[in-house]
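Novice: Next up is a structure, given as structure tokens.
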Amino acid sequence: MEGRMDAYARFRPESSTVPASGPVAIRILPEVARFSLRIAPADLGVASEAFGVALPGRIGEIAAFGSRRALCLGPDEWLLHAEEEEAHVIEAAFAERYAATPHSLVAIGDREIGISLEGEEAATLLSTGCPIDLERLAPGTGKRTIFDSVSVVLIREEKDRFTLEAWRSFMPHVLGLLETANRELAAGL
Amino acid sequence: MLLIHCPYCEQDLPELEFAYGGEAHIARPADPSALTDEEWRDYLFIRSNPRGVHFERWRHVHGCARFFNAVRETVGDKFLMTYKTGEPRPSEEEVEARLKELSA
Ligand SMILES: [Zn+2]
């Protein structure tokens with residue numbers, strides 16, 4: 001049992017490309033720094049200043065500046081992305097403001113793996129495990145949702161390109177299902 | 001699948017993103033030590049479990065993660081309305097009006 005848990009905890013995809021199994025290109029995305037930010041909406045200005053991006057106030061909205069971007073997940077919750085080298089700078093910028101503006105900034109970069117799904121049938125592929133109406137997820141927006149019982153963050157980068165992030169230990173399960181469904185799409189099922 | 005309106009996300013979203021959280025508007029007694037065992041038992045365990053209109057808590061756990069309140073008609077399993085935590089419970093008239101609307 002322990003051996004198996006270890007294997008999942010250590011799951012680190014060897015290559016950035018998942019073997020092509022169907023019409024949708026599935027890629028493992030490079031590691032990024034990720035933070036879960038919880039802060040009172042009234043203090044959004046302070047957080048925006050610390051992160052260097054005007055954080056969006058509406059659930060689902062994304063704001064970006066350079067390689068930094070923020071997705072509003074809940075009324076007081078944001079997911080922050082940045083390059084790994086910038087993690088310490090971001091942590092320091094928030095820490096500086098902590099005494100005057102209490103908040104919670106948790107590094108979750110290593111907890112998750114991001115994958116990219118690209119192709120005309122990307123939405124169809126996702127709909128095999130995700131119950132939301134993907135037609136209503138506009139390009140440039142994202143949300144936390146569910147994929148076959150796994151909590152995921154789904155971002156629609158473009159009409160036919162999605163980013164999906166899930167906890168590292170769930171990724172073999174998610175990828176396995178996506179590959180199977182991708183093969184079914186290829187077979188015309 | 002049921003669609004549930006999340007008052008924070010302002011969208012109708014699939015039931016699978018949500019988790020049920022028990023009956024709503026049950027206030028924790030301000031001074032538990034002043035209660036008899038029976039009163040404390042009632043607070044912890046005794047719920048109304050009505051056939052019909054039920055006020056209940058839900059959590060948009062695989063979404064914005066917020067708890068909110070809902071009015072659900074338990075016979076037809078229809079959501080009449082949802083509202084944010086802390087907002088007042090809808091009046092009987094509002095609930096009646098919504099029931100009529102749904103059965104029309
Ligand atoms: Zn919500």
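The values are calculated or read from the model by the stated rules, or taken from the named source; none is laboratory data. Please read all numbers here as calculations on a predicted model, not as lab measurements. Positions of Cβ are backbone-derived with ideal geometry, glycine not excepted, and every protein chain shown enters the neighbour counts. Each accessible area value is taken on the protein alone, full model and side chains, heavy atoms only, with ligands, DNA and RNA left out. Shrake-Rupley method; radii C 1.70, N 1.55, O 1.52, S 1.80 Å.
Novice: Exactly one of these conditions fails for B:W58: (1) over 12 Å from the mean Cα position of the chain (by Cα); (2) open to solvent by less than 90 Å² (accessible area, probe 1.4 Å); (3) more than 13 Å from chain A (Cβ to nearest Cβ). Give me its number.
Specialist: Of (1) over 12 Å from the mean Cα position of the chain (by Cα); (2) open to solvent by less than 90 Å² (accessible area, probe 1.4 Å); (3) more than 13 Å from chain A (Cβ to nearest Cβ), only one is false for B:W58: (1).
Novice: Please pick out the residue among A:F35, A:F65 that is open to solvent by 60 Å² or more (accessible area, probe 1.4 Å) and aromatic (F, W, Y).
Specialist: That would be A:F65, the only listed residue that is open to solvent by 60 Å² or more (accessible area, probe 1.4 Å) and aromatic (F, W, Y).
Novice: Can you tell me which of B:R89, B:R28, B:R72 is of a type in the set (K, R), more than 14 Å from chain A (Cβ to nearest Cβ) and over 12 Å from the mean Cα position of the chain (by Cα)?
Specialist: B:R28
Novice: Could you pull out the residue among A:A95, A:A123, A:A82, A:A181 that is loosely packed, with under 15 Cβ neighbours inside 10 Å and at pLDDT 95 or above?
Specialist: A:A95
Novice: Name the strands (runs of 3 or more DSSP E) wholly inside chain B in which the number of residues that are touching a residue at least 40 places away in the same chain (Cβ under 8 Å) and within 15 Å of the ligand (Cβ to nearest atom) is 2 or more.
Specialist: Hits in chain B: B:3-6, B:19-23, B:53-59, B:67-73, B:78-84.
Novice: Taking segment A:52-95 as the region of interest, how many residues are in contact (Cβ under 8 Å) with a residue 24 or more places away in the chain, within 16 Å of the ligand (Cβ to nearest atom) and in a loop (DSSP other than H, G, I, E, B)?
Specialist: Summing the residues that are in contact (Cβ under 8 Å) with a residue 24 or more places away in the chain, within 16 Å of the ligand (Cβ to nearest atom) and in a loop (DSSP other than H, G, I, E, B) in segment A:52-95 gives 4.
Novice: Condition first: over 16 Å from the mean Cα position of the chain (by Cα) and open to solvent by 20 Å² or more (accessible area, probe 1.4 Å). Now tell me which residues in segment A:98-110 satisfy that.
Specialist: Listed by number, the residues that qualify are A:Y98, A:A99, A:A100, A:P102, A:H103, A:S104, A:L105.
Novice: Same structure again: Within segment A:128-156, can you find the residues that are without any contact (Cβ under 8 Å) to a residue 12 or more places away in the chain and part of a loop (DSSP other than H, G, I, E, B)?
Specialist: Correct list: A:D133, A:S149.
Novice: Continuing with this model, one more query. Just the residues that are in contact with a helix residue (DSSP H, G or I) (Cβ under 9 Å, 6 or more places away or on another chain) and either assigned to a helix (DSSP H, G or I) or more than 14 Å from chain B (Cβ to nearest Cβ) (or both), please, taken from segment A:31-42.
Specialist: A:E31, A:V32, A:A33, A:R34, A:F35, A:I39
Novice: Let me ask something additional. Quick check on segment A:136-153: of everything there that is hydrophobic (A, V, I, L, M, F, W, C) and surrounded by 17 or more Cβ atoms within 10 Å (Cβ to Cβ), which residue is nearest to the other protein chains (Cβ to nearest Cβ)?
Specialist: Residue satisfying both the conditions and the ranking: A:I146.
Novice: Quick check on my filter: what residues within segment B:82-94 are touching a Lys or Arg at 6+ places or on another chain (Cβ under 9 Å) and open to solvent by 40 Å² or more (accessible area, probe 1.4 Å)?
Specialist: B:K84, B:T85
Novice: How many of the residues in segment A:154-178 are aliphatic (A, V, I, L, M) and open to solvent by 40 Å² or more (accessible area, probe 1.4 Å)?
Specialist: Here the count works out to 1.
Novice: Further, regarding this structure: Any residue in segment A:111-127 that is within 13 Å of chain B (Cβ to nearest Cβ), under 13 Å from the mean Cα position of the chain (by Cα) and not in a loop (DSSP other than H, G, I, E, B)?
Specialist: no
Novice: For segment A:52-62, enumerate the residues that are away from chain B (no Cβ under 14 Å) and either exposed (fewer than 15 other Cβ atoms within 10 Å of the Cβ) or over 18 Å from the mean Cα position of the chain (by Cα) (or both).
Specialist: Listed by number, the residues that qualify are A:G52, A:A54.
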